[in-house]
Each structure stands twice: as structure tokens, then as C-alpha cells.
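Please treat every number below as a calculation from the coordinates, not as lab data. In this text the structure is predicted, and so the values were computed from the model without any measurement. For neighbour counting, all protein chains shown are included, and Cβ atoms are generated from backbone atoms with ideal geometry for every residue, glycine included.
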Amino acid sequence: MRSNKRLSKIQYSVYEFLPEKLIKELSALKNKPLNEIRIRKDCPVKVVINGEVKILNKISLSEAEIERVILRLCKNSIHAYEEQIKRGFITSDNGERVGIAGEFVKENGSILAIKNVTSLCVRIPNEVNGVSNKFYDKFYKNTGGSVLVLSKAGVGKTTFIRDLALNISKNENKNVVVVDERNEIALKGVKNKKSNHCLDVLTYADKHFGFTQAIRTLNPDVIVTDELVCEEDAISLVDTVYGGVDVIATAHAKSIEGFYLRKRFSTLKNSKVFDYYVVISKTGLERNIEIFNSEFKKLCF
Amino acid sequence: MFLIKIAFGALCVYTSIKIAKTKAMAFKEEYYFWESVVLSCDVLISDLSYKKSEVNASLNVDYPSESYAKIVASFIKGEEMLFPKFISQDDKIKLENFFSTIGASNSNTQKTAIISQKTDFLKCREISKNKFDKNYSAIIKVGFAVGIMLLILVI
């Protein structure tokens, strides 16, 4: 039985699947905010603490240890996480997304499984309350509409839309449906909050299915979803907005110009479905938020 | 004096039947054990085809056998599983293989393995049922007969 006595309360959920030797090292961090843990077979573990990278030279995991991490993450039930594993990730109950790198096994053109796992990337969500308050109070509260949040990876897009969904749910009598394809948006704590009486969550539903299901059966006023990655996502989103439902989504782009130039988002650009573009950037530990209107004109924030 | 002898004799009959019943219950427990194993196979096969729940949720069932329920609880906690004495070495290996299958791979692979293992467990259940049917009433009757003999001897 694993001893829980020395575990930090704040990071306990991550410790449920990590090996003892790594837990001991992380406990020494003394409650500093942990953003990411990168585990590579037989290489020193790398952690990102409060935005800074630290290499744990004394700690490395073998392939067998990495497999045990995956088994614990799946609660010894690989079959229950089969679909996620095929897509290259597992999301824990508390929203930690663990990306998996290894050998993908294919059958008839589809991914069947992953074997010989060599890397894990554990991203730890940080529920930052109030990150969307200024945008909500100054713009969204008065107009509503569809919003696209843009930034590079790991800067805070999901945190922003999570907070915005909560703001809408808490302050307005609108039905908010969260299409949470990777179980990252609506964390356990978010799902259980009493203020979420207007929040419906579709976990592990892909966007096309989620949008269709929501419109047919859940009567949404707003749909919140994460990362748009392909043209199909964009098409589903445009159909949904034209069908009368506001959508709040995210996409990878380092700037508004970057979004404008990306070919995969040409459908979104041409259809002009978004009322606001929120661009989040990071300078050191500081985050900057810029707001643009539907014509890509910067608004005073 | 005669009444004391009758009372003592009756006590001997009661005790003899009680001992016989305890012995006979071992056959019943063995049958319930295999019945529980088959039940857990059915639950897993069904769950793997449909909800694909985590192992601790899908195995959370009321089992007829208390000893099997304890084994399942140990398995879920990752502790050593202690098998009852009536489980032979071969059957112990089969059960260990069964538990090592659970949760270790994708749903189709597990389902195929469990369906195959279930046929073995059905045979074990059949054997234990026959043993129970054959021996239970015979042992009770022998116990009663011994009790009566003791009563006669006492009187």
C-alpha cells in the first residue's frame, strides 16, 4: 500500500499515479505551483514550476515504470480509457492531461493501441479564478456572442474559457453546454460547484457529435469547447453559430495575424462568426490579454 | 435420571447434526465460490461490451460467496489474494490468470480472454454442484444417524 502521510494536499491528485521516488522529489517543492511534468524513458525528469523549467537529475523512469504510471492513471482499467489512449492522451479525474508518446499500433488504417511508451507529458491544470472577469464585465456581459481565444500552447486558453463559462453560468440564466473533448475544461471541482446550475457537460464527445447532440437535445444558448484543430471542427462551429447558438472556443495562434494566416482557419475567417477574439500572450510570468472585435480591430481593454 | 439422559441424548443428536451441517456447508461454500466467479465473468463481459467502467466499479457486485468477495476486494486494493483451502493449485493458477487479465488491455482482448476462461469456471462450478448434491444430504443423514446412536447408547 502506498503511504499517503507525506503527500501535499495541493498536489495530491497528481501523486495518485506517479511513482514514489518522483513524489518524494516533488514534495520538496513545498507547494510551489506545478505546471508540467515531462517523463522520458531513462532521461532525467523535467518539471515546469511556476513557468520555470527544472531538471530533476537524480530521477529517471524506465519503460516498465512508465507503464506502471499509465496503469495507475487508468486505475488498472485500460479498457475504460481505451478511446483516449488511441488518441494519444489520458485525462485524470482532476483534469491532468497526460500526453503519451510511443509506438502506435494500427489496424485497417485506424489506431488500435499504443505500445512501448517512451514519454509522458503531464499537464496540470490551474484553476485561476477571475481570469475572464474583466473581459466579461467590460464586453461580454452586455453583448454576448461568440468568442475565439487564441494563444500559443500552455499560456492559458483553457483556463480562460473555463472561467468564462463559469461567469456566464453564474451570472446569466443561459444554458451553457461544454463540449469537453479531452475532459480538460470542466474539471471535477467545476462540475460539482453549486453555481453551475446552467452548465451541461459532454465529456469525451468530439466537436461534431457534441454540437449536434447539444442542439438537438440540450437547448443551448452558449456552447463552450476547446481547441479547434481541423477544418471539420471549423465547419461544425460555423453551422452551430449560424444555427443561432453562440460558441466560445480556442485555437493555437501566437497572434491575431498568426490566426489570420493559418490556412486551416480560412472557413472561420471568411464566415466571420466570432464577435470577439481574445489573444493571450506571455511575457515571463505575466500574461497579457488583448481583445479584438469581429473586424479584427483592437478594442480598448 | 431418565429425563437427564434423554436431555443429554437430545443434545448429542443436536450436536452431531450441527457438526455434520458444518462439514456439509464446505461443499456449499465451494459451489457458491465458483458461482461467484462465473457471476464476475458475466459482469465483466457485459461491462466491457457496453459501459467500459473502471474495474473497481464493475466488480462491485453482491457475491454469494464471502471468500470470493474478499478476494475481489484484495485484487482491487492491489493486495495479495488469499484463496480458500478447497481451491486446488491448478484452479489457483486459473484464477490468478483471470485476475491478471482484468483491466490489463483493451476491451476486445479482455472480453475474448474472459469468455474463454469462463468455460473453465463453468466446469468447476458444475463439479462443485455435483459434489454438493451428492454429499450434502448424505452427511446430514450420517450426522443424524450418529446422533441417534449416541442417544441409544446414553439411554
Item to check | Cα→Cβ-extended label distance, 7 Å offset, between A:SER110 and A:ASP137, nm | outcome: 4.9 nm
Item to check | Modelled FRET efficiency - R0 30 Å, A:THR283 with A:LEU56, Cβ distances, 0.05 increments | outcome: 0.65
Next on the checklist: What does DSSP give for the protein assembly as shown in terms of the percent of beta bridges that are antiparallel, rounded to the nearest 5?
Outcome noted: 65 percent
Item to check | Proximal charge balance of B:ASN56 [Cβ under 10 Å; K/R count +1, D/E count -1] | outcome: +1
Item to check | FRET efficiency, B:VAL142 to B:SER49 (Cβ-Cβ, R0 41 Å, nearest 0.05) | outcome: 0.30
Item to check | Directionally averaged projected area (convex hull, Cα atoms, segment A:133-299), nm² | outcome: 9.0 nm²
Item to check | Most to least packed among A:220-228, A:270-278 [average Cβ atoms within 10 Å] | outcome: A:220-228, A:270-278
Checklist outcome for this item: segment A:68-136 and segment A:215-268 have their Cα centres apart by a whole-number Å value of 23 Å
Checklist entry - If you build a Gaussian network model of chain A, linking Cα atoms that sit under 10 Å apart, which residue out of A:GLU103, A:GLU16, A:GLU36 swings the most? => result A:GLU103
Checklist entry - For labels at A:THR203 and A:ARG87 in the simple 7 Å Cα→Cβ model, what's the distance in nm? => result 1.3 nm
Checklist outcome for this item: With segment A:108-173 reduced to its Cα atoms and the Debye formula applied, log10 I(q)/I(0) at q = 0.17, 0.18, 0.19 1/Å amounts to -0.70, -0.74, -0.79
Checklist outcome for this item: Computed over chain A: longest principal axis from alpha-carbon atoms vs helix A:63-73 long axis, angle to nearest 10 degrees, is 50 degrees
Next on the checklist: Show me the ranking of peptides A:259-266, A:244-251 by mean Cβ neighbours inside 10 Å, starting with the highest.
Outcome noted: A:244-251, A:259-266
Checklist entry - For the protein assembly as shown, what size does the Cα cloud have along each of its three principal axes, sorted from largest down, in whole Å? => result 111, 53, 51
Checklist entry - What length, rounded to one decimal in nm, is gained on full extension from A:ARG40 through to A:LYS152, with 0.36 nm per residue of separation minus their alpha-carbon distance? => result 38.0 nm
Checklist entry - Given N residues in segment B:34-155, what is Rg(Cα) / (2.2 N^0.38 Å)? => result 1.40
Checklist outcome for this item: If each K or R counts +1 and each D or E counts -1, the residues other than A:ALA249 whose Cβ falls under 10 Å of its Cβ total -1
